[in-house]
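To keep things clear, I will list the structure first and then write my remarks on it.
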Amino acid sequence: MRRIMGDTARARPDPNGTSAERACARMALFPQSARVTFVDDKLWVPVVQVQNVHVLPGIPRLFARMTHAYLPELAAELGARAFVRAEVETRVSESVLAPVLERVQSEYASRGVKLGSYPQWPSPHTLVSAVGQSPKDVHECRDKLALLLSDLS
């Protein structure tokens, strides 16, 4: 069960109160507009959302537990937009690839496909990825990239 802390749901720690209250206040300074959600009733720490930023604790065990509990809610809130990635590996350097990537990116940008190139060190390879929400468009873009990059090799 999710509990969302509103203005009246739970008092904020008093920064001028006891030493424990002051310590809690220092750990939880967020804007008044922040949305505070307790994703696990057994945990004392909430997920805090400030606009499109979601703040989770830095303690790995808490982070993992809270992420596991929070991701379904976050996915539902965002509409669970899945992304698809397809990659092409080439021996062509990024500087030589740039004009081809620009041309293909301009062709597929309106379809929501984005390209990235990543040199693979120390090997002389570059990994080119196409990412988007339409598997058809992403794979079509990858196939076009593979064809154009084979002409450069």
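The values are calculated or read from the model by the stated rules, or taken from the named source; none is laboratory data. These numbers were taken from a predicted model, which means no experiment stands behind them. Cβ sites come from the backbone with ideal geometry, for glycine too, and all protein chains shown count toward neighbours. Surface accessibility is based on the protein's heavy atoms, side chains included, excluding ligands, DNA and RNA. Shrake-Rupley method; radii C 1.70, N 1.55, O 1.52, S 1.80 Å.
Points worth noting:
- Extension gain for the segment residue 16 to residue 29, taken as residue separation times 0.36 nm less the Cα-Cα distance, is 3.3 nm to one decimal.
- Rounded if a/c under 1.5, otherwise prolate or oblate - the range 70-122, Cα gyration tensor axes: oblate
- Residues of type aspartates and glutamates that residue 144 reaches as a straight line, Cα spacing below 18 Å, ignoring anything fewer than 8 places off in the same chain: 87, 89, 94, 102, 107
- Against the chain, whose longest principal axis is taken from its Cα atoms, helix 94-108 shows a tilt of about 80°.
- Heavy-atom accessible area with a 1.4 Å probe sorts 30, 83, largest first, into 83, 30.
- Most to least packed among 121-129, 45-53 [average Cβ atoms within 10 Å]: 45-53, 121-129
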